[in-house]
1. Where residues in the range 1-43 are part of a helix (DSSP H, G or I) and aromatic (Phe, Trp, Tyr), which of them is surrounded by the fewest Cβ atoms within 10 Å (Cβ to Cβ)?
2. If I filter the range 122-144 for residues that are over 14 Å from the mean Cα position of the chain (by Cα), modelled with pLDDT under 95, surrounded by 17 or more Cβ atoms within 10 Å (Cβ to Cβ) and not in a loop (DSSP other than H, G, I, E, B), do I get at least one hit?
3. Specify which of the listed residues (Ser177, Ser108, Ser206) is modelled with pLDDT under 95 and of a type in the set (Gly, Ala, Ser).
4. Mind checking which residues of the range 52-68 are hydrophobic (A, V, I, L, M, F, W, C) and either modelled with pLDDT under 90 or over 22 Å from Arg125 (Cα atoms) (or both)?
5. Being in contact with a Phe, Trp or Tyr (Cβ under 6 Å, 6 or more places away or on another chain) and without any contact (Cβ under 8 Å) to a residue 60 or more places away in the chain is the filter here, so list the residues in the range 148-171 that pass it.
6. State which residue is farthest from Gln13 (Cα to Cα) when the search covers only the range 102-122 and only residues that are of a type outside the set (Val, Ile, Thr) and out of contact with any Ser or Thr (no Cβ under 8 Å at 6 or more places or on another chain).
7. Could you please find all residues in the range 134-156 being hydroxyl-bearing (Ser, Thr, Tyr) and closer than 22 Å to Gln197 by Cβ?
8. Enumerate the pairs (first residue in the range 103-131 and in contact (Cβ under 8 Å) with a residue 12 or more places away in the chain; second residue anywhere and among the charged types (D, E, K, R) and part of a strand (DSSP E or B)) with beta-carbon separation below 6 Å, excluding pairs fewer than 6 apart on the same chain, so at least 6 apart or on different chains.
Amino acid sequence: MFLPLSKVIDNNQLLDNYKLIKNDYLNFVEKDYLVDYSHSYDLVCDDLTKLKMPPKTGYFWQVCPLIIGGKVIPLLPLEVQNCFTINLLMSFDVKPVLAVFSLLEPHSEVDPHYDADDEIVMHNRHIPIHQRKTSIVKYHYSLDIPKGGKCGLQVLNELRILKNKDINPFVETSVHSAFNRSDYRRGVLIVSYLKHQIYPELDMESL
């Protein structure tokens, strides 16, 4: 299921600065600061100067990495490291576990899956995902959504058709999928937070 917006995150800052965040996204796409995205990539790395960046092949799902483990990735171009979006996210009291600009090519589908971004900071890979006491909430912020209602995000049985400036939070261990059935690229900002840090009022059972 989707969640209400967190009261801990300054959502108005995200919404009020939509144009600046979108401009970062469009700029980095134009300059091709993108890498392929796959759930097989290992993002657990204590020393980000040794992070193994994924390849860049023009895969249908690409990202511009921004933040890992609450830290700006030092391997990124300085223009990315110093961008408005990173500075804004890092100004919040709760730092992201992971933040990326995410691009889906036209007529592409992300199969149903669940994620384990908590491993980046919790070092809990030895614990089965659904037995962990921690979980991640993903903030999906729509930036560059083609018109026509052909881009969607589904969490369990709930489907949301995307439009610019919407924010769709959900727990990443819930099976989710996405699609872009339009003729144009789809761009969003995805920010992962530890659930208990941005929803302290909710217990695990309520999620």
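1. Tyr18
2. Yes, the range 122-144 contains a residue that is over 14 Å from the mean Cα position of the chain (by Cα), modelled with pLDDT under 95, surrounded by 17 or more Cβ atoms within 10 Å (Cβ to Cβ) and not in a loop (DSSP other than H, G, I, E, B).
3. Sole residue among the options that is modelled with pLDDT under 95 and of a type in the set (Gly, Ala, Ser): Ser206.
4. If the condition is that a residue be hydrophobic (A, V, I, L, M, F, W, C) and either modelled with pLDDT under 90 or over 22 Å from Arg125 (Cα atoms) (or both), then Met53, Phe60, Trp61, Val63, Cys64, Leu66 are the ones that fit.
5. Of everything in the range 148-171, just one residue is in contact with a Phe, Trp or Tyr (Cβ under 6 Å, 6 or more places away or on another chain) and without any contact (Cβ under 8 Å) to a residue 60 or more places away in the chain, namely Gly152.
6. Only one residue fits best here, namely Ser108.
7. Just the residues of the range 134-156 that are hydroxyl-bearing (Ser, Thr, Tyr), to begin with: 134-135, 139, 141-142.
Those that are hydroxyl-bearing (Ser, Thr, Tyr) and closer than 22 Å to Gln197 by Cβ: Thr134, Ser135, Tyr139, Tyr141.
8. As it stands, the answer is Leu104/Arg186, since those pairs meet every condition given.
The values are calculated or read from the model by the stated rules, or taken from the named source; none is laboratory data. Treat the numbers as computed from the prediction; the structure is a model and nothing was measured. Positions of Cβ are generated from backbone atoms using ideal geometry, with glycine treated the same way; all protein chains shown enter the neighbour counts.
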